[in-house]
Amino acid sequence: MSEAFCLELYKDKVVVSYYAEKFHGRKTANGERFNMYDMTCAHKTLPFNTIIRVTNYANGKSVDVRVNDRGPFVAGREVDLSKGAAVKLGMIKSGTAKVKIHIVKMGANTKQSAVSAAKAQKIPLTRSKGATSKAKAATQVVLKKGQLYDIQLGSFSDENNAREYARKIARAKFKNVAIQKSGSNTKVSVIKVDGKDVPSLVKQLEMKGFGNAFVRERKNR
């Protein structure tokens, strides 16, 4: 069976870059240690452990990589590859490459897409601190008018990356953008959104490139 029937085309004619020695050994956004020789990559929104196939238009070379980090935070770039993956794509000298990206396998923590959830008036809720084991199971609820929610858009091990992502969201004219510490990670969220406004706001965020939103209910104050 040909690739066209096996894999879902995710993005076409987008630019990828790579990162290497400067970040080797540092923690990635999912808590792993970055190994520049592993076949991994950073993406702003795809669920962790998603496997994507990246194909270089310049030479036809392809590589399968696993999402374990967030980025890149440079305008116009879709993915940051490990140096090992960049070598396989033959893009070390150029530093960037124009590629097509197919989804090989979505990460195990994949939720319903933000747009689909918004249309259905249902949004996946993240787990709240101190929740019971039963409540920690992935779930969806109908949003309630008058109830406030936080829309989480990213979680970062590097606080500077979180702050830069928050500034990017704010520059896109979204209000109530906040960073929230959670253990060793820093979350970026749009906070205090009324339940009746969540679906439309999630869709607006998705249209601006801030996808993979997760919503958690907050205590009204």
Q. Out of curiosity, is K22 outside the structural domain of R163 (by TED's automatic domain parsing) and exposed (fewer than 15 other Cβ atoms within 10 Å of the Cβ)?
A. yes
Q. In the stretch 145-164, what residues are of a type in the set (K, R) and either in a strand (DSSP E or B) or more than 24 Å from R33 (Cβ to Cβ) (or both)?
A. K145
(Q) Against the definition (among the hydroxyl-bearing types (S, T, Y), at pLDDT 95 or above and touching a strand residue (DSSP E or B) at 6+ places or on another chain (Cβ under 8 Å)), how does T96 come out, yes or no? (A) yes
Q) Taking L81, is it modelled with pLDDT of 80 or more and either in contact with a Phe, Trp or Tyr (Cβ under 7 Å, 6 or more places away or on another chain) or within 22 Å of M207 (Cα to Cα) (or both)? A) yes
Q.
Take the residues in the stretch 158-189 that are among the polar types (S, T, N, Q) and either surrounded by 14 or more Cβ atoms within 10 Å (Cβ to Cβ) or more than 15 Å from T28 (Cβ to Cβ) (or both); name whichever of them is modelled with the lowest pLDDT.
A. S182
Q: Could you tell me whether M1 is in a loop (DSSP other than H, G, I, E, B), modelled with pLDDT of 95 or more and either among the polar types (S, T, N, Q) or over 17 Å from the mean Cα position of the chain (by Cα) (or both)?
A: no
**Q.** Residues located in the stretch 53-70, provided they are under 13 Å from the mean Cα position of the chain (by Cα) and surrounded by 23 or more Cβ atoms within 10 Å (Cβ to Cβ)
**A.** V67, N68, D69, R70
Q) Just checking, how many residues over the stretch 37-55 are assigned to a loop (DSSP other than H, G, I, E, B) and closer than 13 Å to P72 by Cα? A) 4
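The values are calculated or read from the model by the stated rules, or taken from the named source; none is laboratory data. Remember, predicted model here, so these are calculated numbers, not experimental data. Quick reminder, even Gly has a Cβ in these numbers, built from the backbone with ideal geometry, and neighbours come from all protein chains shown.
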